[in-house]
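Trainee: Below is the structure I would like to discuss, written out as structure tokens.
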Amino acid sequence: MRKLICAIVALIGITVHAKVTLPQFFDHNMVLQQQTECNLWGWTDAGKDGVVVVTSWNDEEHLAKVDKNGRFELKVKTPEAGGPYYIAFSDGEEFLMLNNILIGEVWICSGQSNMEMQMKGFKQQPVEGTTEELLRCHDASLRLFTVKRHASLTPERDVTGQWNEANSASVRDFSATAYYFGRALRQTLGVPVGLIVTSWGGSACEAWMAPEWLKAFPKVNQHVTEDDMKKLQQRCPTALYYGQLRPLVGYTMRGAIWYQGEDNVPRFDYYAPLLKTMVEGWRADWKQGEFPFYYCQIAPYDYSLIDWKGSQYLREQQLKAEATIPNARMAVLMDAGLEYGIHPRKKRQAGERLAILALSNTYGVKGLPDFATYSSVEFHGDTAVVAFDRSKEWVYFEHGPKSSNFEIAGEDRVFHPAEAWISRNRVYVRSEQVKKPVAVRYAFRDWVEGDLMHDGLPVSSFRTDSW
């Protein structure tokens, strides 16, 4: 069988349609995770004895058993990054060839509109630097797959999409955040990278979760009807887990990146445990242990424009989640928002900051910067002294020696604008209107241009109180 398949491929180099069918993400141009046991699965006629699978990188023949429903699955060992390779599938009568396969690093990229936002942008909402990037984005070792939008109340077994090599046409229609993440990995690691984007603008975190995970959150209404689906679609609990995520479960990958939270601003109060539960559920489904999970903190925006407010509390919940989810880190975007637009133009910053986290924490690349975080505050007379973690290079203000983004309050809990300055690695905060301060806040409002930095990266908004 192996010699026959190889001989035919060498002679004619074409694909013959077979009775074996595969999920659309197992296709020409795909990337498989390197140096691991990769899951493969598909379907054939029920009653078949098995499916023969030949992998060209080791010239090995595998036999996968077929269950009563015609489904087969197997694991194949992958080598170090390289390619291109092919895989052949045969159910005993005909064969199916997948060509131009690379072995490298695979990441799942999910979330709502700021993950979905393509390099070409939305109507009248451009992405910064698109024209320049499209002129130089050709990279045959960067492969892109976008899952078509699909909400469902029942589990789907497949998605719609196709793998493409990175070029001006494919990148233009691909997630800008995911592209910049993948490009940075390609440039630093020098291996093929495959990105699978499954996202939907306006989607709720709850939509990406299984029903049983949501039982811990009584505020979530899981009694979703077909009418609800017609009206809400991507906001319905579980609708995107069933429609766009569950079919991907098992595709062997390195980790996941996430850019979501805007839709949950009105329900900010339980977002940290909600996100933690979602990540735990994904990890349990994938059976790859505590795989890396890196996510963007939502960027500042004037939410009063859509009659919402309080996104600073959602950002705070995202900061709390980082401390409770193992092997997870948050990319801060306090300096990359847009006052009048919920879709910031600075997607390169989002993607590259996610890449910094992955390269440092997953791949062990040395010398990259890190995000400093608020750690503690002390009060000395009329002055608050704020300290930070992960700040060996010391914090600084982006636009000068002082900042106007700090507020301070006394025991009356009334916050007043404060002057802030830095000495060594401490921020000092005071106001003439507060003689005995007890609390400090930094950039703690919907829209703000964050200016507190560390090693070229912004510090998250924070508060020292819990009022």
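Trainee: With closer than 19 Å to A350 by Cα, assigned to a loop (DSSP other than H, G, I, E, B) and either among the basic types (K, R) or modelled with pLDDT of 95 or more (or both) as the only criterion, which of G182, G202, G194, G161 stands out?
Mentor: Of the residues listed, the single one that is closer than 19 Å to A350 by Cα, assigned to a loop (DSSP other than H, G, I, E, B) and either among the basic types (K, R) or modelled with pLDDT of 95 or more (or both) is G202.
Trainee: Whether any residue in region 369-390 is of a type in the set (K, R), surrounded by fewer than 18 Cβ atoms within 10 Å (Cβ to Cβ) and over 30 Å from L189 (Cβ atoms) is what I want to check.
Mentor: no
Trainee: A further question follows. Out of the strands (runs of 3 or more DSSP E) lying entirely within region 40-97, which hold 3 or more residues that are open to solvent by 30 Å² or more (accessible area, probe 1.4 Å)?
Mentor: Where strands (runs of 3 or more DSSP E) fall fully within region 40-97 and carry at least 3 residues being open to solvent by 30 Å² or more (accessible area, probe 1.4 Å), they are 60-65, 71-77, 82-90.
Trainee: Now for a different question. Looking only at residues in region 422-467 that are closer than 30 Å to G367 by Cα, aromatic (F, W, Y) and in contact with a Ser or Thr (Cβ under 7 Å, 6 or more places away or on another chain), which one is most open to solvent (accessible area, probe 1.4 Å)?
Mentor: Filtering first and then ranking leaves Y428.
Trainee: Restricting attention to region 17-72, report how many residues are of a type in the set (G, A, S) and within 28 Å of G243 (Cα to Cα).
Mentor: So the answer is 5.
Trainee: Another question about this same structure. Among the residues of region 190-243, which ones are touching a Leu at 6+ places or on another chain (Cβ under 8 Å) and open to solvent by 50 Å² or more (accessible area, probe 1.4 Å)?
Mentor: Result: Q222, E226.
Trainee: Look through region 103-150, keep the residues that are part of a loop (DSSP other than H, G, I, E, B) and hydrophobic (A, V, I, L, M, F, W, C), and return whichever of them is nearest to Y259 (Cα to Cα).
Mentor: By that ranking, first place goes to M117.
Trainee: Condition first: outside any loop (DSSP other than H, G, I, E, B) and in contact with a Ser or Thr (Cβ under 6 Å, 6 or more places away or on another chain). Now tell me which residues in region 27-39 satisfy that.
Mentor: Across region 27-39, the qualifying residues are L32, Q33, C38, N39.
Trainee: Output the number of residues of region 105-126 satisfying the condition of being of a type outside the set (S, T, N, Q), within 18 Å of the chain's Cα centre (by Cα) and at negative phi.
Mentor: The total comes to 9.
Trainee: While we're looking at this one, here's another question. Give L368, L359 a once-over and let me know the one that is assigned to a loop (DSSP other than H, G, I, E, B) and not polar (S, T, N, Q).
Mentor: Exactly one of L368, L359 is assigned to a loop (DSSP other than H, G, I, E, B) and not polar (S, T, N, Q), namely L368.
Trainee: Now for a different question. If you go through region 97-114 one residue at a time, do you hit one that is under 25 Å from Y363 (Cβ atoms) and of a type in the set (S, T, Y)?
Mentor: Within region 97-114 (the criterion being under 25 Å from Y363 (Cβ atoms) and of a type in the set (S, T, Y)), the answer is yes, since at least one residue qualifies.
Trainee: Also: Residue check: is A169 over 23 Å from S360 (Cα atoms), in a helix (DSSP H, G or I) and either of a type in the set (G, A, S) or modelled with pLDDT of 95 or more (or both)?
Mentor: yes
Trainee: When you go through (1) among the small types (G, A, S); (2) under 15 Å from the mean Cα position of the chain (by Cα); (3) under 30 Å from L40 (Cβ atoms) one by one for G261, which number turns out not to apply?
Mentor: (3)
Trainee: Related question: Go through (1) in contact with a helix residue (DSSP H, G or I) (Cβ under 8 Å, 6 or more places away or on another chain); (2) among the polar types (S, T, N, Q); (3) assigned to a strand (DSSP E or B); (4) open to solvent by 10 Å² or more (accessible area, probe 1.4 Å) and name the single condition N100 misses.
Mentor: (1)
Trainee: Name every residue in region 255-266 that is of a type outside the set (A, V, I, L, M, F, W, C) and either closer than 18 Å to A331 by Cα or touching a Cys at 6+ places or on another chain (Cβ under 9 Å) (or both), in order of residue number.
Mentor: Across region 255-266, the qualifying residues are G255, Y259, Q260, G261, E262, D263, N264.
Trainee: Right, something else. Touching a Cys at 6+ places or on another chain (Cβ under 7 Å), within 27 Å of Y363 (Cβ to Cβ) and among the polar types (S, T, N, Q), is that true of T78?
Mentor: Yes: the conditions hold for T78.
Trainee: Quick check on my filter: what residues within region 321-342 are open to solvent by 40 Å² or more (accessible area, probe 1.4 Å) and under 18 Å from L354 (Cα atoms)?
Mentor: Result: A323, P326, N327, D335.
Trainee: Among the residues that make up region 138-146, is at least one of them closer than 30 Å to V224 by Cα and within 20 Å of the chain's Cα centre (by Cα)?
Mentor: yes
Trainee: Let me ask you something else. Can you tell me how many residues in region 409-458 are of a type in the set (V, I, T) and more than 16 Å from V385 (Cα to Cα)?
Mentor: Number of matching residues: 2.
Trainee: Please name all residue pairs, on different chains or six or more residues apart, with Cβ atoms under 6 Å, provided the first residue is in region 32-61 and is aromatic (F, W, Y) and at pLDDT 95 or above and the second residue is open to solvent by 40 Å² or more (accessible area, probe 1.4 Å) and in a strand (DSSP E or B).
Mentor: If the second residue must be open to solvent by 40 Å² or more (accessible area, probe 1.4 Å) and in a strand (DSSP E or B), the pairs left are W41/E73; W43/T21; W43/R71; W57/Y85.
Trainee: Could you list, in sequence order, the residues of region 257-293 that are surrounded by fewer than 22 Cβ atoms within 10 Å (Cβ to Cβ) and among the small types (G, A, S)?
Mentor: Answer for region 257-293, where residues must be surrounded by fewer than 22 Cβ atoms within 10 Å (Cβ to Cβ) and among the small types (G, A, S): A272, G281, A284, G289.
Let's see how each residue does on (1) touching a helix residue (DSSP H, G or I) at 6+ places or on another chain (Cβ under 9 Å); (2) in contact (Cβ under 8 Å) with a residue 60 or more places away in the chain; (3) of a type in the set (F, W, Y):
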| position | (1), (2), (3) |
| --- | --- |
| L333 | yes, yes, no |
| G351 | yes, yes, no |
| N361 | no, yes, no |
| V386 | no, yes, no |
| F397 | no, no, yes |
| P401 | no, no, no |
| G410 | no, no, no |
| I422 | no, no, no |
| N425 | no, no, no |
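The values are calculated or read from the model by the stated rules, or taken from the named source; none is laboratory data. What you see is a predicted model; the values in this text were computed from it and never measured. FYI the Cβ positions are ideal-geometry reconstructions off the backbone, even for glycines, and counts take in every protein chain you see. Areas reflect the complete protein model, heavy atoms only, side chains present, ligands, DNA and RNA absent. Shrake-Rupley method; radii C 1.70, N 1.55, O 1.52, S 1.80 Å.
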